[in-house]
Amino acid sequence: MIEFIAQNMAPIMFASLIIFLLIGYPVAFSLAANGLLFFFIGVLVSPYSGGSINLAWPLLHALPDNFYGTRVMSNDTLLAIPFFTFMGIVLERSGMAEDLLDTIGQLFGPIRGGLAYAVIFVGALLAATTGVVAASVIAMGLISLPIMLRYGYDRRVASGVIAASGTLAQIIPPSLVLIVLADQLGRSVGDMYAGALIPGIVLTGIYMLYILIISIVRPNSMPALPLEARTLGRGVLSLIVALLVTGAISYGAYRYLAPTQGDNADILGFAVGVIVIYVAAIVDQRLRINMMSKLAQQVVIVLIPPLALIFLVLGTIFLGIATPTEGGAMGSVGALIMAAAKGRLSLDVVKQALASTTRLSSFVLFILIGARVFSLTFYGVNGHIWVEHLLISLPGGETGFLIGVNILVFVLAFFLDFFELAFIIVPLLAPAADKLGIDLIWFGVLLGVNMQTSFMHPPFGFALFYLRSVAARVPYLDRITGKQIAPVSTGQIYWGAVPFVCIQVIMIGLTIAFPQMVMRYKGAAVEPSTIDLKLPDMPSLSPLGTPPTNNGAAPANGGAPDLSQPPSFGEAPAKPAAPAPDLSQPPKFN
């Protein structure tokens with residue numbers, strides 16, 4: 001019995017961890033307790049393991065190095081998490097989500113399903129600025145859900161759209177989970193962001209396609225906004241003209257700057273066009289010139305600041321100007337400036353943002369510490385080799401491995417949060433993926449899309465919990481129409497999430513089928529045959545041992561000097577001979 005336990009310590013340890021988690025113990029403490037418990041057991045039974053357990057008491061001395069080394073306390077990559085968390089919470093408190101939802105809702109309002117399109121569009125923008133799922137879901141649940149219910153949206157559709165669009169913060173940079181995945185896979189956060197950008201945009205497009213199909217199949221489930229609700233009036237043509245003018249100004253600035261700025265001319269030209277139209281909209285609104293429609297003014301004034309913040313954060317990272325940590329720091333400063341410009345920056349807002357940031361950062365830190373304790377023992381019992389052999393031996397090779405891993409992560413996402421999956425499961429999967437020749441950036445993005453379902457899985461999806469916390473539980477009177485609105489049930493929230501979970505599963509398949517969506521992070525492939533190497537002209541060298549041609553001087557025809565003789569530096573000027581000393585007299589020292 002002892003031999004069986006000793007030789008199967010790795011699967012027993014992993015199974016006991018799952019049991020601890022299912023019972024409900026906190027993840028960080030389950031990891032640490034499980035690691036220490038099996039460390040003691042492993043030391044005792046190691047003589048019966050046949051060499052498969054490499055544990056000894058002095059190995060515990062490695063724990064402080066693990067805690068204070070580059071994997072936990074000194075990890076510069078994870079330093080980006082508190083910055084992006086702080087930025088997202090400040091932006092959520094600044095009212096940016098409310099302004100965006102109101103403006104984009106007015107823009108899409110005349111079409112059927114317009115509010116749903118607005119929620120998805122704003123969800124993508126919030127994902128690209130905040131990177132925090134909780135902030136996005138709660139903000140849109142508080143703001144857009146009452147409006148959607150007011151104008152007759154189906155409760156399941158409204159709930160599913162809000163929860164799903166909030167989870168876009170999981171895959172669209174600057175996502176927190178992408179930072180953790182990059183750290184656990186040992187890859188660059190910038191590469192992970194670049195690889196996840198296109199899949200995030202594609203997933204947003206599929207969400208909108210689903211809304212389009214539902215608006216055609218079930219038109220009564222998402223009616224257009226009534227005319228009296230469109231307070232910004234008409235003015236789409238004015239907005240189109242403003243966009244055309246912006247494009248013309250940007251192109252002119254690009255042509256002007258191209259000779260001096262080179263590759264940066266297009267970005268600078270676009271920035272000039274955006275600044276000009278933004279200043280024009282503000283002046284038009286303040287002075288009431290009415291050059292632009294009210295709708296066009298509002299869209300320009302509301303959209304450009306978050307887009308500028310996105311460029312400040314992601315643009316500088318993609319261009320290689322800033323690291324993710326530096327980009328997060330700049331984003332935090334930008335969020336404070338935006339909140340101050342709206343007059344919503346106060347000491348209370350900063351305190352709330354700091355408190356939430358500290359809680360989330362501590363949560364991540366303790367899970368990571370527990371994971372280091374667990375991995376110390378798990379690697380000591382050769383658990384990584386057991387997992388690697390188990391995964392590589394799956395039928396189907398690389399395809400079978402990808403299918404098996406995605407099914408495993410999908411099932412575990414019912415019970416585990418994405419941080420827990422990233423810290424526990426990903427370090428076990430990465431070596432096997434690397435051994436099969438799978439690009440780890442692509443593998444990380446694929447896992448990120450899969451882990452996104454952990455927020456949407458009924459009944460444990462965190463996005464569903466966030467929405468449940470802000471959705472009406474009892475009937476209430478609408479403050480605009482005065483009508484009584486029925487509450488949203490938990491079952492409606494769960495059923496509304498199911499189609500979007502299916503869409504996320506489809507997105508996993510698309511990421512596997514079209515890996516170039518992610519692999520574009522490497523840039524265009526270089527054809528070796530087109531590379532032309534040119535070496536500078538050099539004088540030809542004669543074979544060694546050739547006799548000198550001009551007594552050590554530099555050869556006139558480029559021949560090699562005679563290396564068998566000492567070098568000659570030419571005739572030195574003659575020095576006058578010193579007079580011989582008179583030895584018959586005593587020496588003088590003055």
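The values are calculated or read from the model by the stated rules, or taken from the named source; none is laboratory data. As the structure is a prediction and not an experimental result, all values here were calculated from the model. A quick note on method: Cβ atoms are made from the backbone with ideal geometry, for glycine too, and the neighbour counts reach across all protein chains shown. Each accessible area value is taken on the protein alone, full model and side chains, heavy atoms only, with ligands, DNA and RNA left out. Shrake-Rupley method; radii C 1.70, N 1.55, O 1.52, S 1.80 Å.
Please calculate how many Å² of accessible area segment 235-316 carries per residue, with a 1.4 Å probe and no DNA, RNA or ligand atoms counted.
On the way: 4790 Å² over 82 residues.
Averaged over the residues of segment 235-316, the accessible area is 58 Å².
Taking only the alpha-carbon positions of segment 1-124 and ignoring solvent, what does the Debye formula give for the base-10 log of I(q)/I(0) at q = 0.10, 0.11, 0.16, 0.22 Å⁻¹?
Evaluating at q = 0.10, 0.11, 0.16, 0.22 Å⁻¹ gives log10 I(q)/I(0) of -0.62, -0.67, -0.91, -1.19.
Within the accessible area of the chain, what % is carbon and sulfur when the probe is 1.4 Å and the other protein chains stay in place?
On the way: 19800 of 29650 Å².
Ligands and nucleic acids excluded, carbon and sulfur give 67 percent.
Sort the following peptides by mean Cβ neighbour count (other Cβ atoms within 10 Å, averaged over residues), highest first: 287-297, 113-123.
On the way: 287-297: 16.5, 113-123: 26.4.
Ranked from most to least packed, the peptides come out as 113-123, 287-297.
Can you tell me how segment 346-416 classifies by the Cα gyration tensor, rounded, prolate or oblate, using a/c under 1.5 as the rounded cut?
Values: a/c = 4.71, a/b = 2.03, b/c = 2.32.
Judged from the Cα gyration tensor, segment 346-416 comes out oblate (a/c at least 1.5, b/c at or above a/b).
Search the structure for amide H atoms under 5 Å from the amide H of residue 476, placed 1.01 Å from N in the peptide plane, and list their residues when 5 or more places away or on another chain.
Those lying under 5 Å, H to H, from residue 476 are 485.
If I compute mean projected area of the Cα convex hull in nm² from the structure I just sent, which labelled value in [x] 40.6; [y] 51.7; [z] 34.7 lines up?
This structure yields the entry labelled [y].
May I ask you to compute the full-extension gain from residue 209 to residue 36, defined as 0.36 nm times their residue separation minus their alpha-carbon distance, rounded to one decimal in nm? Write out the running numbers ahead of the final one.
Values: separation 173, 0.36 × 173 = 62.28 nm, distance 5.01 nm.
The residue 209-residue 36 span can extend by a further 57.3 nm.
For segment 165-296, just run the numbers: alpha carbon Rg, then divide by 2.2 N^0.38 Å, N being how many residues it has.
On the way: Rg = 20.6 Å, N = 132, 2.2 N^0.38 = 14.1 Å.
The reported ratio for this selection is 1.47.
In nm, to one decimal, how far is the modelled label at residue 228 from the one at residue 59, with both set 7 Å along Cα→Cβ?
Using points 7 Å along Cα→Cβ, the separation is 7.4 nm.
How do the peptides 430-438, 100-108 rank, highest first, by the average count of neighbouring beta carbon atoms within 10 Å per residue? Intermediate results must be reported in sequence, preceding the final value.
Details: 430-438: 16.8, 100-108: 22.9.
For the peptides 430-438, 100-108, the packing ranking is 100-108, 430-438.
What are the extents of the Cα atoms of segment 263-419 along their three principal axes, listed from largest to smallest and rounded to whole Å?
Reported extents, whole Å, longest axis first: 73, 41, 32.
Return the sequence-ordered ³J(HN,Hα) values of segment 212-226 in whole Hz as given by the Karplus equation 6.51 cos²θ - 1.76 cosθ + 1.60 applied to θ = phi - 60°, using x for Gly and Pro.
Ordered by residue, 3J(HN,Hα) equals 4, 5, 5, 5, 7, 6, 10, x, 6, 7, 8, x, 6, 5, x Hz.
Quick one: in segment 367-484, what % of C-alpha pairs are over 18 Å apart? Present the calculation step by step, with values, prior to reporting the outcome.
Details: 4219 of 6903 pairs.
Summing the P(r) tail past 18 Å for segment 367-484 gives 61 percent.
Between residue 5 and residue 291, what length comes free when the chain is fully extended (0.36 nm per residue of separation minus the Cα-Cα distance, one decimal in nm)?
That works out to 95.0 nm of additional length.
For the chain, what is the relative contact order in percent, using Cα pairs closer than 8 Å and at least 6 residues apart in sequence?
Numbers: 804 pairs, mean separation 122.5, N = 590.
Contact order relative to length: 21 percent.
Rg (Å, one decimal) plus Dmax (Å, integer) for the alpha carbons of segment 254-326?
So, for segment 254-326, Rg and Dmax equal 15.1, 43 Å respectively.
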